[in-house]
Amino acid sequence: MSFIEIKNFTYSYASSASPVLRNLNLEIGAGEFVALIGANNSGKSTLCNALCGAVPQLYHGKFEGNVRVCGKETSDTPLPELSESVALVMQHPERQLSGIRFTVAEEVGFSLENRGLDRDEILERVDEALALTGLSNLAERSPHHLSGGQLQKVALASALACDTPFLVLDEPTTFLDPLAAQQVFEILNGLRSKGKTI
């Protein structure tokens, strides 16, 4: 069985007259690194949101077909359960951050707190994610005082701290300069070598 299975997936937002995605079929095996390329408004973000269950559980519309991650139907598996298998880095990081944490380190650990993980494990994962993304020196800085590129890295660090087997990234280098973008791709290649599906 494939790690990700999408069969005859069609989706229309409640506000749209026609489907954003139509009859999409896709299989991705464990450990694969897949890039999806397309024009703006071609449905890439919709697919990303379907893979983590936000479509249709948070974005309501007409959902047809099947989207499975690790054998779980993303349309009806509870989001907390899905979050143990898949982490999403959104295109616009300010939409992903909680907005209620005072430091970068607290923000990166926020989802781990919600899972009820042990404090020592949270601190260890946060430290590792900050080091991997080059944010250790910003650990005590307020997220509200960061640049767009820095926020993008905080969103990535938050996803990495979750340590899920599957990572979905929606244009993760949009706000990054060329050097920082290259660093992100190096991080992702390192994760791929450890068996992550990206």
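The values are calculated or read from the model by the stated rules, or taken from the named source; none is laboratory data. Given the structure is predicted, the values throughout are model-derived calculations rather than measurements. Note that we place each Cβ from the backbone using ideal geometry, even for glycine, and neighbour counts take in every protein chain shown. In case anyone asks, the SASA skips ligands and DNA or RNA and just uses the protein heavy atoms, side chains included. Shrake-Rupley method; radii C 1.70, N 1.55, O 1.52, S 1.80 Å.
Structure data summary
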| quantity | calculated |
| --- | --- |
| Neighbourhood net charge (9 Å Cβ-Cβ; Lys/Arg +1, Asp/Glu -1) for Lys44 | -2 |
| Distance in nm between pseudo-label sites at Phe102 and Ala39 (7 Å out along the Cβ direction from Cα) | 4.9 |
| Amide H contacts under 5 Å for Phe3, placed H, 5+ residues apart | Ile28, Gly29, Ala30 |
| Full-extension gain in nm, Arg192 to Asp118, via 0.36 nm per residue minus C-alpha separation | 24.0 nm |
| C-alpha center-to-center spacing [the range 2-74, the range 123-198] in angstrom | 23 |
| Local electrostatic count at Val34 - Lys and Arg +1, Asp and Glu -1, tallied over other residues with Cβ under 15 Å | -2 |
| Between 0 and 90°, nearest 10: helix 119-132 axis offset from the chain longest Cα axis | 90 |
| Inter-label distance, nm, simple model (7 Å from Cα along the C-beta direction), Arg95/Ser16 | 1.3 |
| Set of aspartates and glutamates with alpha-carbon distance to Lys62 below 18 Å, sequence-local pairs under 8 removed | Glu73, Asp76 |
| Local electrostatic count at Phe102 - Lys and Arg +1, Asp and Glu -1, tallied over other residues with Cβ under 13 Å | -1 |
| Normalised contact order of the chain, rounded percent, pairs of Cα under 8 Å and 6 or more residues apart | 23 |
| The range 83-198, accessible surface, carbon-and-sulfur percent (1.4 angstrom probe) | 50 |
| Binned Cα-Cα distances of the range 73-155, short to long, each 5 Å bin given as a whole percent | 3, 14, 24, 25, 19, 10, 4, 1, 0 |
| Rg over Rh [alpha-carbon atoms, Kirkwood Rh] for the range 39-119 | 1.01 |
| Residues of type aspartates and glutamates that Lys72 reaches as a straight line, Cα spacing below 12 Å, ignoring anything fewer than 8 places off in the same chain | Glu5, Glu81, Glu84 |
| Per-q log10 I(q)/I(0), the range 35-193, q = 0.09, 0.14, 0.16, 0.19 Å⁻¹ (Debye; single scatterer per alpha-carbon; no solvent) | -0.29, -0.71, -0.93, -1.28 |
| Solvent-accessible surface (1.4 angstrom probe) belonging to Asp76, in square angstrom, nearest 10 | 110 |
| Shape call, the range 1-79: gyration tensor on alpha carbons, a/c limit 1.5 | oblate |
